[in-house]
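*Asks:* Got a structure for you, questions after.
Computed from the coordinates by the stated procedures, all read-outs in this text should not be read as laboratory data. Keep in mind the model is a prediction, meaning the values are calculated, not measured. All Cβ positions, glycine included, derive from the backbone under ideal geometry; neighbour counts span all protein chains shown.
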Amino acid sequence: MIKIEQALELLRGKRVVEDSREVVGIADALVWDSRIMKGGGVEFVRAALDKGATVVTDLEVQGAVRVADAGEVLARYAAGHWPKQPAKIVGVTGTAGKSSVAWFCQQIGRQMNSAAVGTLGVIREDKVVEYTGYTSPSALKVHPILQSLAEDGVGLAALEVSSHALALRRMDGVRFCAAGYTNFTQDHLDFHGSMEEYFLAKLRLFSEVLPENGLAVVNVRRQELWPILGVVKQRGGKLLSVGTSNAELVVEVVRADARGLQVNLKLDRVPVALELPLVGSFQADNLAVALGLMVGAGMAWGEIATAAAHVTSVAGRMEIVGGGKAKGQGALAKGGRPTVVVDYAHKPDALRRALEALRPMVVGSGKLRVVFGCGGNRDAGKRPIMGKIAAELADAVYVTDDNPRREEAGGIRDAVVAGVVAGGKKPRNIGDRRKAILAALNDSGPDDVVLVAGKGHEDGQIVGETVLPFDDRVVVRELLG
């Protein structure tokens with residue numbers, strides 16, 4: 001086993017890749033982190049070696065150069081190879097809300113020529129200019145992106161920081177000036193193995209990646225985040241609490257309904273009242289973290305509050321895509337259009353928050369209906385949990401396929417259905433997602449609210465290795481006529 005510095009020297013002058021399929025010959029070097037694949041991926045290391053490439057990995061394979069942490073090698077190589085970064089970089093982690101926080105930051109920070117990098121891709125002026133394929137791109141992708149943004153005059157970049165990225169050191173070398181934490185609930189146990197390991201991965205953003213002079217922004221309304229406060233204080237770092245009336249930066253919800261949010265903001269005893277087109281009171285928590293990150297980026301509170309008045313929701317996040325009391329068309333059996341909301345909620349807490357936010361929008365004797373499924377080859381433990389949440393908070397549940405990937409779709413639905421039944425309801429089990437949405441709309445009247453959850457902004461459905469065209473928003477609009 002050699003040291004990181006020695007490995008970096010071996011990579012000098014080589015074309016460095018992290019995918020064995022990109023290896024051509026002796027001029028290439030593969031840096032392989034075994035943690036990204038179950039089973040380690042020894043076969044990929046050997047394939048690269050057979051082509052004559054230099055291979056740096058944490059695996060013990062004859063002919064390969066072994067290091068303790070291949071992820072650190074990639075991060076340090078990429079940071080050195082693409083050294084330019086925007087002057088201000090803020091990062092946000094958390095089980096849910098990362099995309100909304102990054103989106104709000106790029107909207108509030110327009111005067112700094114802002115951008116966001118995350119689940120949707122690279123965003124500038126509310127438009128996706130580059131797709132990345134990951135919430136947090138690998139080091140070999142994120143550093144070229146940051147250098148390109150810096151060269152294009154971007155002064156502020158807001159990055160979504162996933163637990164995978166932190167565990168694999170993808171964000172090491174990114175020069176954050178502030179980092180925020182939204183919430184922490186169950187997810188990604190297929191990768192981390194336990195909630196403790198999942199939390200420790202996210203903790204790295206504050207204990208190791210964020211410089212000591214950077215600002216940690218923590219939503220203190222979430223008790224599960226309180227340990228972060230101790231870690232930051234122990235390092236002697238700067239801390240800004242956000243959220244409740246006991247926080248330094250307060251975002252208080254005055255009204256939350258179909259029209260949006262009415263909120264009162266306050267920092268340093270300077271109050272600001274805003275009307276925002278955001279559906280769901282939980283968006284106030286996301287906004288609070290975004291405001292705190294902009295404080296960490298150096299914006300004045302007056303400028304932040306003024307810009308915050310113009311934020312909008314990110315595509316596919318609590319997006320109202322159809323509805324009202326107008327007479328329905330086509331297949332809508334009851335002759336009236338329900339209010340239909342599409343949301344990316346694909347985790348237990350996110351589904352809970354979405355349903356709780358929509359309940360007040362149900363009119364009179366109307367019903368709250370939810371159409372959702374769970375992704376394949378992901379944390380299987382959350383499937384019955386989400387089913388039970390749906391049963392407890394919705395009046396009618398329609399279980400369907402999400403992105404089954406390489407799993408048998410029926411088995412995934414069965415696990416969700418078991419949770420719904422345990423929660424006291426009998427769901428409709430309809431594998432075809434379009435038919436499931438149609439069933440919910442057909443069952444609905446004009447006073448109902450239908451939540452189509454799980455895919456949000458996505459325009460494809462992953463079945464096996466194939467991505468089939470499918471956009472919940474487009475389908476809903478087509479079915480509503």
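*Asks:* Please identify every one of the GluC sites (Glu not before Pro) in region 15-76 that sits in a loop by DSSP and has no more than 12 other beta carbons within 10 Å of its own beta carbon.
*Replies:* Sites meeting the loop and neighbour criteria: 60.
*Asks:* What value, in deg cm²/dmol to 500, does the helix sum -39500 (n - 2.57) over DSSP H runs of n ≥ 4 give at 222 nm once divided by the residues of the chain?
*Replies:* So the calculated ellipticity at 222 nm is -10000 deg cm²/dmol.
*Asks:* Need the C-alpha centroid separation for region 1-57 versus region 403-417, integer Å.
*Replies:* The two parts, judged by their Cα centres, are 35 Å apart.
*Asks:* Taking the Cβ of each residue in 56, 232, 128 as the centre, tally the other Cβ atoms inside 10 Å and list the residues starting with the fewest.
*Replies:* The most exposed by this proxy come first: 128, 232, 56.
*Asks:* State, to one decimal in nm, how far the label point of residue 1 lies from the label point of residue 442, with both points 7 Å from Cα in the Cβ direction.
*Replies:* Using points 7 Å along Cα→Cβ, the separation is 6.1 nm.
*Asks:* Sort 415-423, 250-258, 83-91 by packing, meaning the average of other beta carbons within 10 Å per residue, with the highest value first.
*Replies:* So the peptides 415-423, 250-258, 83-91, ranked by packing, come out 83-91, 415-423, 250-258.
*Asks:* On to the next question. Just subtract the alpha-carbon distance of residue 152 and residue 264 from 0.36 nm times their residue separation and send over the number in nm, one decimal.
*Replies:* 36.7 nm
*Asks:* Can you check what the net charge comes to around residue 407, using other residues whose Cβ is under 15 Å from the Cβ of residue 407 (Lys, Arg +1; Asp, Glu -1)?
*Replies:* Here the count lands on 0.
*Asks:* Using 0.36 nm times the number of residues separating residue 8 and residue 36, minus their current alpha carbon distance, what extension gain do you get?
*Replies:* 8.0 nm
*Asks:* If you don't mind, another one. Once you list every other residue whose beta carbon is under 10 Å from the beta carbon of residue 118, what net charge do they have if Lys and Arg are +1 and Asp and Glu are -1?
*Replies:* 0
*Asks:* Still on this structure, please answer the following. Under 29 Å Cα-Cα from residue 425, which lysines qualify once same-chain neighbours fewer than 8 residues away are excluded?
*Replies:* 325, 334, 347, 367, 382, 388, 435, 455
*Asks:* Would you mind putting 442-452, 157-167 in packing order, based on average other-beta-carbon counts within 10 Å, highest first?
*Replies:* Going from most to least packed, we get 157-167, 442-452.
*Asks:* Follow-up. Mean separation of Cα pairs under 8 Å and 6+ residues apart, divided by the residue count of the chain: what relative contact order is that in percent?
*Replies:* 11
*Asks:* Here is a follow-up. Need the full-extension length gain, residue 46 to residue 426, defined as separation in residues times 0.36 nm minus the C-alpha distance. One decimal, nm.
*Replies:* Stretched out fully, the residue 46 to residue 426 stretch lengthens by 131.7 nm.
*Asks:* Based on other C-beta atoms within 10 Å, arrange 344, 131 from fewest to most.
*Replies:* Lowest count first: 131, 344.
*Asks:* Got a sec? How would 261, 351, 293, 200 order by Cβ neighbour count within 10 Å, fewest to most?
*Replies:* Lowest to highest Cβ neighbour count: 200, 261, 351, 293.
*Asks:* I would also like to ask the following. At a Cα cut-off below 24 Å, give the lysines reachable from residue 88, other chains included and same-chain residues fewer than 8 away excluded.
*Replies:* Cross-link targets: 98, 127, 141, 202, 233, 238, 266.
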